[in-house]
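These notes concern the structure reproduced below.
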Amino acid sequence: MIKKLSYSVYRSLRTRFDISSTYNAAVTKALDRKFSLVLPQETTPFRTIPSHIQKPPYAETGHVAPKKIGADIEVKNENQIMGMRKAGRMARKILNQTAVCLKIGVTTDEIDSTVHQLCIENDVYPSPLNYKHFPKSVCTSINNVACHGIPDLRPLRDGDIINVDITVFCDGFHGDVSETYLIGNVDEKGRKLVHATELARDAAISVCKPGVEYCQIGKTISSVAETHGFTVVPAFIGHGIGEYFHCPPDIFHFAHESPEVMTEGVTFTIEPILSEGNDEVEILSDGWTAVMCDGSRTAQFEHTVLVTKDGVEILTK
């Protein structure tokens, strides 16, 4: 288990989590669970985007230039900030409209179809689509899937918790937001997990302002998680965002030390994942789906934020 590591040490370990491996669900079969363990199921063909919609550079090839370690953190000008606000509002709009269809019996592929169509109707590109060859327009992560779940033909079931992670490319800028939703009758521990994760994200946002070390985000999230009896999943991080989907700074969600401080005009995501079990993940053979090794449930909440002169502005509220 990875706990309080230095920023530099954890950065060097992240490649460990990029290796695909086979998830062994057998170890969880004997456990008494009030929810369904999720494994990938059949998917539908790739959905296309009309030619008139502006696309990010990777849309056609799936190729994303590697992020340079130590690259400068971009301070956005007023025009860029206006673009980020518009992208953030659009991401929130599409998430809210998608949430209406989250019901027992609806497949995650139908959720993807809804997001895809809403993006087309609003003349924006669904950022996940073909990003490093991701095959769908939204990430849908249920129960023991920590993140990057690929929409498929599995229907939502009574008692599921599902994270819907939406990013849109709008007039040259990305806006990124996600929430975890309760499907039907979720047990008390599941409800508490979802509530605590939202609290952790919001508490982390509240500490943001110029001059504050980025590591205060992780320390705050870790404190909230511990208070509520849950575990931070450290393998997945927040990120800078703008004209690039992912760029500096890296936002670690666990307690660590880093001297970097926030400055006015920087935009990034805060997107903690909390687990009701341990913090270890496996990447399935599809190269994307991250599941908890112990089969425990996770929840995730995300906002895109802007550091302002006096504090922070939530762009996806």
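Given T22, T61, which one is at pLDDT 95 or above, assigned to a loop (DSSP other than H, G, I, E, B) and among the hydroxyl-bearing types (S, T, Y)?
So the residue among T22, T61 that is at pLDDT 95 or above, assigned to a loop (DSSP other than H, G, I, E, B) and among the hydroxyl-bearing types (S, T, Y) is T61.
Could you check, for the stretch 75-88, whether at least one of its residues is closer than 21 Å to V291 by Cβ, modelled with pLDDT of 95 or more and buried (at least 21 other Cβ atoms within 10 Å of the Cβ)?
no
Considering each residue of the stretch 271-317, count those that are acidic (D, E) and within 20 Å of V194 (Cα to Cα), and give that number.
6
Consider S12 carefully, then state whether it is modelled with pLDDT under 95, of a type in the set (S, T, N, Q) and in a helix (DSSP H, G or I).
Judged against the criteria, S12 is a match.
Based on what the data block shows, is M262 hydrophobic (A, V, I, L, M, F, W, C), farther than 15 Å from T197 by Cα and over 17 Å from the mean Cα position of the chain (by Cα)?
Yes; evaluated as a whole, the condition is true for this residue.
Condition check: under 21 Å from A99 (Cβ atoms) and either at pLDDT below 95 or among the small types (G, A, S) (or both). Does G238 satisfy that?
No, not satisfied.
Just give me the residues in the stretch 257-272 being of a type in the set (S, T, N, Q) and outside any loop (DSSP other than H, G, I, E, B), in sequence order.
T267, T269
Name the single residue that is nearest to the chain's Cα centre (by Cα) among those in the stretch 100-114 being crowded, with 18+ Cβ neighbours inside 10 Å and of a type in the set (A, V, I, L, M).
I111
Taking only pairs six or more apart or across chains, which ones have beta-carbon atoms under 7 Å, a first residue in the stretch 180-207 that is at negative phi, and a second residue that is part of a helix (DSSP H, G or I) and not β-branched (V, I, T)?
These pairs meet every condition: Y181/A99; L182/R191; K192/H228; A196/A225; A196/H228; A200/A225; V207/Q216.
Just checking, which of F268, F245, F236, F169 is within 30 Å of I49 (Cα to Cα), under 17 Å from the mean Cα position of the chain (by Cα) and without any contact (Cβ under 8 Å) to a residue 40 or more places away in the chain?
Answer to the check: F268.
What's the number of the condition T98 fails, among (1) under 14 Å from E243 (Cα atoms); (2) in a helix (DSSP H, G or I); (3) of a type in the set (S, T, Y)?
(1)
Out of the residues in the stretch 273-317 meeting the condition of being among the hydroxyl-bearing types (S, T, Y) and assigned to a loop (DSSP other than H, G, I, E, B), tell me which one is surrounded by the fewest Cβ atoms within 10 Å (Cβ to Cβ).
The qualifying residue surrounded by the fewest Cβ atoms within 10 Å (Cβ to Cβ) is S285.
Looking only at the stretch 234-256, which residues are surrounded by fewer than 24 Cβ atoms within 10 Å (Cβ to Cβ) and not in a loop (DSSP other than H, G, I, E, B)?
H239, G240, C247, P248, P249, D250, I251
If you scan the stretch 101-149, which residues turn out to be more than 20 Å from I241 (Cβ to Cβ) and polar (S, T, N, Q)?
Result: T107, T108, S113, T114, Q117, T140, N143, N144.
Kindly indicate whether I104 is outside any helix (DSSP H, G or I), closer than 30 Å to R154 by Cα, modelled with pLDDT of 95 or more and of a type in the set (A, V, I, L, M, F, W, C).
yes
Given the condition touching a Lys or Arg at 6+ places or on another chain (Cβ under 7 Å), at pLDDT 95 or above and surrounded by fewer than 17 Cβ atoms within 10 Å (Cβ to Cβ), answer yes or no: does some residue in the stretch 257-268 qualify?
yes
The values are calculated or read from the model by the stated rules, or taken from the named source; none is laboratory data. This structure is a prediction, so every number in the text was calculated from the model and none was measured. Reconstructed Cβ throughout: ideal geometry from the backbone, glycine too, with neighbour counts over all protein chains shown.
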